[in-house]
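Read through the structure below, which is laid out as C-alpha cells, and then see the notes.
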Amino acid sequence: MSLDSTIVAARRSAEEQARLEAMFLDVFEHRFNFNELVGLRIDSFDPEAPRISFDMRPELVGSYMHNRLHGGVIATALDTVGGFAVVVAVAEKHAHEAAEQIVTRFGRFGTIDLRVDYLNQGIGRSFHASAKVMRLGGRIASVQMELKNETGLLIATGAAAYIVS
C-alpha cells in the first residue's frame with residue numbers, strides 16, 4: 001500500500017442500518033413526547049430526501065373558525081425535519097459507526113436558530129415536511145425545510161442552524 005492510499009472504513013451493514021433506523025424511529029416518534037403528541041412520523045431516511053408527515057387533527061387547529069393548522073405545529077414540523085435531516089446526514093458521514101455511536105452523537109445536537117416563513121394557510125388532511133442539509137460542518141449544520149399539504153401546496157418554508165458537535 002502506498003503512502004497516498006486512503007483507508008476507507010467499512011460501511012455499517014444493512015442489519016446495523018436497520019437497527020439505527022429503528023432507534024431513530026423510536027426517538028423521533030416516541031421519546032420526544034411533543035412529536036408524539038403532534039403525531040409526527042418518519043417517512044424517509046434517504047439522506048437526499050429525509051421526510052416526516054402527520055395528519056390534521058382537532059388538537060392541532062390554531063384557528064377554529066377556519067380549521068387551520070396552528071403556526072406552532074408548523075414550526076415544530078419544520079424544526080423536527082431539519083434536525084432529522086442533520087441526524088441522517090451525520091449518520092451518512094459516519095457510515096462506519098455502529099448505531100449506538102450515532103445515537104450518542106445525536107444527544108449533542110440542538111437547534112441554534114430557526115426561521116419560518118408562513119406562505120399559505122395550514123389547511124389540509126395531511127402534511128409532509130422535507131429538508132435539505134445545505135452545509136454539514138464539524139460544529140454547525142445549515143438546513144432548509146418545506147412543509148406541504150397532501151395536494152402539494154407549499155404551506156411554509158424554514159431555514160435553521162443546528163449545533164452538531
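Bear in mind these aren't lab numbers, they're just calculated from the coordinates by the rules spelled out. What you are looking at is a predicted structure, and each value in this text was computed from that prediction instead of being measured. Positions of Cβ are generated from backbone atoms using ideal geometry, with glycine treated the same way; all protein chains shown enter the neighbour counts.
Applying the criteria of a DSSP loop state and at most 14 other Cβ atoms within 10 Å to the chymotrypsin sites (Phe, Trp or Tyr not before Pro) of segment 51-147 yields Tyr64. Ranked for footprinting exposure by Cβ neighbours inside 10 Å, fewest first, Leu147, Leu25, Leu69 give Leu25, Leu69, Leu147. The trypsin sites (Lys or Arg not before Pro) of segment 67-108 that meet both conditions, a loop assignment by DSSP and at most 16 other Cβ atoms within 10 Å of the site Cβ, are Arg108.
Exposure proxy ranking for Met134, Met65, Met145, Met23, based on other Cβ atoms within 10 angstrom of each Cβ and starting from the fewest, stands as Met65, Met134, Met23, Met145. Solvent-free Debye calculation, one equal scatterer per alpha-carbon of segment 14-163: log10 I(q)/I(0) at 0.14 Å⁻¹ equals -0.63.
Amide hydrogen proximity for Ile112: with H placed 1.01 Å from N in the peptide plane, the residues at 5 or more positions away or on another chain lying under 5 Å are Ala161, Tyr162, Ile163. Helix content alone sets the calculated 222 nm mean residue ellipticity of the chain: runs of n ≥ 4 DSSP H residues at -39500 (n - 2.57) each, divided across all residues, give -9500 deg cm²/dmol. Projecting the Cα atoms of Phe127, Thr104, Ile163 onto the charge dipole of the chain (Cβ charges, centred on the Cα centre) puts Ile163 farthest toward the positive pole. Computed 3J(HN,Hα) for segment 118-134, one whole-Hz value per residue from the Karplus formula 6.51 cos²θ - 1.76 cosθ + 1.60 where θ = phi - 60°, is 8, 9, 9, 4, x, 10, x, 8, 8, 9, 9, 10, 10, 8, 9, 6, 7, glycine and proline marked x. Working note: Karplus 6.51/-1.76/1.60 with θ = phi - 60° gives segment 38-50 the couplings 5, x, 5, 10, 7, 9, 8, 9, 4, x, 8, 8, x Hz, where Gly and Pro are set to x. Backbone phi angles across segment 81-94, fed through the Karplus curve with coefficients 6.51, -1.76 and 1.60 (θ = phi - 60°), yield HN-Hα couplings of 5, x, x, 4, 4, 5, 4, 5, 5, 5, 4, 6, 4, 10 Hz in residue order; Gly and Pro are listed as x. Give me, ordered by chain and number, the residues 5 or more places off Gly122 or on other chains with an amide H under 5 Å from its own placed amide H. Here Leu69 satisfy the definition.
As a proxy for reagent exposure, ranking Thr80, Thr104, Thr157 by other Cβ atoms within 10 Å from fewest up yields Thr104, Thr157, Thr80. Largest GNM mean-square fluctuation among Gly62, Gly71, Gly107, using the chain with Cα springs under 10 Å: Gly107.
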